[in-house]
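Shown next, in structure tokens, is the structure this report addresses.
The values are calculated or read from the model by the stated rules, or taken from the named source; none is laboratory data. All values derive from a computational prediction rather than experimental measurement. For neighbour counting, all protein chains shown are included, and Cβ atoms are generated from backbone atoms with ideal geometry for every residue, glycine included. What goes into the accessible areas is simple: the full protein's heavy atoms, side chains included, and nothing from ligands, DNA or RNA. Shrake-Rupley method; radii C 1.70, N 1.55, O 1.52, S 1.80 Å.
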Amino acid sequence: QVQLVESGGGLVHSGGSLRLSCATSTNLFSFYSMGWFRQAPGEQHKLVATITNRDNTNYADSVKGRFTISRDSAKNTVYLQMNSLKREDTAVYYCRFAADRGVYWGQGTQVTVSS
């Protein structure tokens, strides 16, 4: 059973930074893609950033230049460093890992950016 455990969300002022973590007990090389999605109230899940097992990254236009996704294979953890946060970044953030055998989601962590 693959479990993803997120941490690092919270309340931050506009312009501030947060780092989200998504940890799993499964070797990261089991997944071909790892990423972060977010869901604001009344909206669908939206892709934020993804990283492949070859370290290819992809970002939503709205976060390019501000967010950085990375992974630490030794810790089986994927990170999302979020800088220059804006109010519109407020959402529940979910990590999502994809493997040949299925897709797995974390439980979500709330990020709230105040003005």
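For the stretch 1-73, chymotrypsin sites (Phe, Trp or Tyr not before Pro) meeting the loop criterion (DSSP other than H, G, I, E, B) and having at most 14 other Cβ atoms within 10 Å: Tyr32. Summarising the label geometry, the points placed 7 Å from Cα in the beta-carbon direction at Gln44 and Arg19 lie 3.3 nm from one another.
Thr57 contributes an accessible area of around 70 Å² to the protein surface, as traced by a 1.4 Å probe with all chains present. Simple point charges give the picture: +1 on the Cβ of Lys and Arg, -1 on the Cβ of Asp and Glu, and for the stretch 1-94 a dipole about the Cα centre of about 120 debye. The value of relative contact order for the chain, using C-alpha pairs under 8 Å at least six residues apart, is 36 percent. Estimated at the nearest 10 Å², the accessible area of Val5 is 90 Å² with a 1.4 Å probe.
Across the stretch 93-99, coupling constants 3J(HN,Hα) worked out from phi with the 6.51/-1.76/1.60 Karplus curve, θ = phi - 60°, read 9, 10, 8, 9, 10, 10, 10 Hz, and Gly and Pro carry x. For the chain, the square roots of the Cα gyration tensor eigenvalues, ordered a ≥ b ≥ c, give a/c of at least 1.5 with a/b greater than b/c, which places it in the prolate category. Looking at the square roots a ≥ b ≥ c of the eigenvalues of the Cα gyration tensor of the stretch 26-86, which shape do they give, rounded for a/c under 1.5, prolate if a/b is larger than b/c, or oblate? Judged from the Cα gyration tensor, the stretch 26-86 comes out prolate (a/c at least 1.5, a/b above b/c).
Could you give the length gained on full extension between Val2 and Asn53, defined as 0.36 nm per residue of separation minus the Cα-Cα distance, in nm? Working shown, then result.
On the way: separation 51, 0.36 × 51 = 18.36 nm, distance 1.69 nm.
Contour length minus Cα-Cα distance gives 16.7 nm.
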